[in-house]
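Below you'll find the structure, written out as structure tokens, and then a few comments.
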Amino acid sequence: MILKETDGWKIFTILCLVSLLGVMEYRGMIDLISDEKSEQVEDKEQITKISSTADEMHPFGEYCLTEHGESVQMHIHPYLTIIIDGEEQEIPKDAGIYTETCPNAMHMVHTHDNTGKLHVENYTWEDVPLEVFFDVWGKHFNETGIFDHRDGIIEMTVNGTVNDDYQNLILADKQNIVIIYTSNQGA
């Protein structure tokens, strides 16, 4: 079989195109062969799109206390403990103090130390839900999960009794709020 000169150029062009496609696939510029890596990227993108209760601030979370003294009528201290997969999480010191929303003040719900003691203060008595603290802290919490944990079981107790009010729990003085999250391991 004798090849014409034009046939040689056709073969050369085809080899170049195949080589170019191979390099583009290798560098991730195109995806001709679906593989596990691309599925992992899609899963990762889906995880980052999970909505959070902290995406929208509760109106009380936008309220700033500019003075602290006799004008404060409401001043209570519930206690919050968060346990994720058996490990107690630290509630940060000064959460809700001198934030972007309240640059020279405190939010209605804030902390002064990392013991889990919440300070709920206001010029008038209000029914303040637990959601306000999580919004101020910038963390997710409701019946679907806590922080970025959404694939497990969440339970909340208040003074030792199971409570399913979650973010809607109205804070009260000396409440002992415990949130326990357990991942679905092996699921």
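The values are calculated or read from the model by the stated rules, or taken from the named source; none is laboratory data. All figures in this text were calculated on a predicted structure; none of them were measured in a lab. Cβ atoms come from the backbone with ideal geometry, glycine included; neighbour counts cover every protein chain shown.
Residue 92 falls short of the stated requirement of being more than 15 Å from the chain's Cα centre (by Cα) and in contact (Cβ under 8 Å) with a residue 60 or more places away in the chain.
Note on the stretch 141-173: among residues that are among the charged types (D, E, K, R) and not in a strand (DSSP E or B), the one that is surrounded by the most Cβ atoms within 10 Å (Cβ to Cβ) is 150.
If you check residue 128 against the conditions, is it in contact with a Phe, Trp or Tyr (Cβ under 9 Å, 6 or more places away or on another chain), free of Cβ contacts under 8 Å to residues at least 60 places away in the same chain and aliphatic (A, V, I, L, M)? So residue 128 fails the test. Within the stretch 125-140, one or more residues are surrounded by 15 or more Cβ atoms within 10 Å (Cβ to Cβ), over 16 Å from the mean Cα position of the chain (by Cα) and charged (D, E, K, R).
Only a single item in (1) at pLDDT 95 or above; (2) over 16 Å from residue 74 (Cα atoms); (3) more than 16 Å from the chain's Cα centre (by Cα) is not met by residue 179, and it is number (3).
Tally up the residues in the stretch 37-71 that are more than 22 Å from residue 148 (Cβ to Cβ), of a type in the set (D, E, K, R) and either in a strand (DSSP E or B) or modelled with pLDDT of 75 or more (or both), please. Residues flagged as more than 22 Å from residue 148 (Cβ to Cβ), of a type in the set (D, E, K, R) and either in a strand (DSSP E or B) or modelled with pLDDT of 75 or more (or both) within the stretch 37-71 amount to 3.
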